[in-house]
1. Being under 30 Å from residue 145 (Cα atoms), modelled with pLDDT of 90 or more and in contact with a helix residue (DSSP H, G or I) (Cβ under 8 Å, 6 or more places away or on another chain) narrows it down to one of 340, 321, so name that one.
2. May I ask you to verify whether residue 157 is in contact with a strand residue (DSSP E or B) (Cβ under 8 Å, 6 or more places away or on another chain), outside the structural domain of residue 234 (by TED's automatic domain parsing) and surrounded by 13 or more Cβ atoms within 10 Å (Cβ to Cβ)?
3. Can you tell me which residue among 97, 78 is modelled with pLDDT of 90 or more and either assigned by TED's automatic domain parsing to the domain that holds residue 263 or more than 30 Å from residue 267 (Cα to Cα) (or both)?
4. Among the residues of segment 297-337, write down those that are outside any loop (DSSP other than H, G, I, E, B) and out of contact with any strand residue (DSSP E or B) (no Cβ under 8 Å at 6 or more places or on another chain).
5. What do you reckon, is residue 389 in a helix (DSSP H, G or I), at pLDDT 95 or above and surrounded by 18 or more Cβ atoms within 10 Å (Cβ to Cβ)?
6. If I filter segment 351-385 down to residues being assigned to a strand (DSSP E or B) and in contact with a helix residue (DSSP H, G or I) (Cβ under 6 Å, 6 or more places away or on another chain), which single residue comes out as nearest to residue 263 (Cα to Cα)?
7. Run down 259, 267, 229 and say which single residue is farther than 20 Å from residue 377 by Cα and in contact with a helix residue (DSSP H, G or I) (Cβ under 9 Å, 6 or more places away or on another chain).
8. For segment 68-102, give me each residue that is surrounded by 15 or more Cβ atoms within 10 Å (Cβ to Cβ) and not in a strand (DSSP E or B).
């Protein structure tokens with residue numbers, strides 16, 4: 001009996017040894033744990049008020065994040081960038097005898113034109129999607145109303161998209177095919193934002209890197225969930241990995257992006273600046289809005305369509321990198337081919353790492369595709385990238401406040417991200433891009 005017990009203990013020890021590393025179970029002591037400071041981070045950022053791109057409040061938030069990362073002993077730098085922001089003062093649509101004040105216009109305010117002419121096509125909210133996509137003529141002005149999706153219409157490359165009140169749209173149904181003239185008046189401001197970049201170097205010498213990121217700015221609200229929640233998890237992950245430098249096989253970068261809400265400008269600026277070193281980037285994992293109490297979504301679908309020919313060199317038009325895609329008053333949105341440029345490729349090794357992490361942690365992960373956040377900028381440069389979001393809160397609103405944040409969701413997000421990164425590093429081989 002004693003001999004049998006001894007053999008059993010040897011077997012248990014051997015099993016624990018060979019199954020160690022990234023396949024550890026979710027309840028082990030080494031698992032990522034969210035701290036109380038995460039809630040303090042969210043409260044601090046929300047207390048700053050709206051952190052609109054290029055404003056003083058965004059700057060204060062970035063300074064706070066830089067200080068936090070420096071406290072962890074990381075090499076931390078600021079990378080400022082400039083961008084153009086168009087402010088719409090007035091828009092008028094003339095169609096037939098009617099002169100209309102749109103609620104929202106889709107235009108390109110950076111091309112130097114103040115007027116757009118074309119034949120009107122009236123699209124009712126009840127129009128089936130398949131009927132909309134039968135429209136082939138690009139020289140049209142689309143006239144529609146919410147909840148019609150702007151980006152669906154933008155794919156059809158109209159000359160302009162004009163949203164009006166539902167009742168007003170009904171009165172204009174007969175105007176389909178009529179000549180229309182859209183006039184806009186506004187000004188372009190040159191603004192400044194910043195990315196904060198902290199690097200955690202492994203014990204071994206390597207240029208291979210993994211980027212973890214979250215955007216700092218908010219849009220028309222205090223942005224507790226969108227995206228102070230992501231920033232809080234990013235800082236917690238920075239502390240978690242800083243205590244595990246001996247286990248790192250890749251260089252880790254923690255990036256807080258500025259000005260995501262007006263067109264992912266911070267990440268576009270970073271890609272443009274770091275083209276050469278991005279050739280060594282194996283993965284970007286972006287964290288955006290993870291404080292909800294509903295579904296966990298991780299981007300884990302995609303293909304090789306529209307892949308960049310040179311890794312690190314973006315497909316995004318260079319002349320549009322520093323152009324804001326909308327304003328803070330929700331009066332206009334950029335209508336340009338670059339606004340609907342999306343790309344994704346989730347290779348098998350990444351999809352497997354995400355799925356395995358969810359199973360090991362006991363979390364149901366919903367596969368998502370084409371999530372709109374900063375990892376998109378890297379995907380367009382041929383970098384394997386993904387993002388995580390946990391739904392359930394209202395964003396871009398004064399209602400996006402700290403008391404709505406589900407702390408358990410922050411932990412789930414941190415555990416998923418850390419587990420995936422640990423799996424990749426434990427593989428000790430180059431991840432194929």
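The values are calculated or read from the model by the stated rules, or taken from the named source; none is laboratory data. It should be emphasised that the depicted structure is a prediction, and the values quoted were computed from it without experimental measurement. Heads up, the Cβs are rebuilt from the backbone with ideal geometry, glycines too, and the neighbour counts pull from every protein chain shown.
1. From the options 340, 321, the qualifying one is 321.
2. Here the answer is no, as residue 157 does not meet what is asked.
3. Within the list 97, 78, the selection yields 78.
4. If the condition is that a residue be outside any loop (DSSP other than H, G, I, E, B) and out of contact with any strand residue (DSSP E or B) (no Cβ under 8 Å at 6 or more places or on another chain), then 318, 319, 320, 337 are the ones that fit.
5. No: the conditions fail for residue 389.
6. Residue satisfying both the conditions and the ranking: 385.
7. The unique qualifying residue is 229.
8. Selection gives 68, 69, 72, 74, 102.
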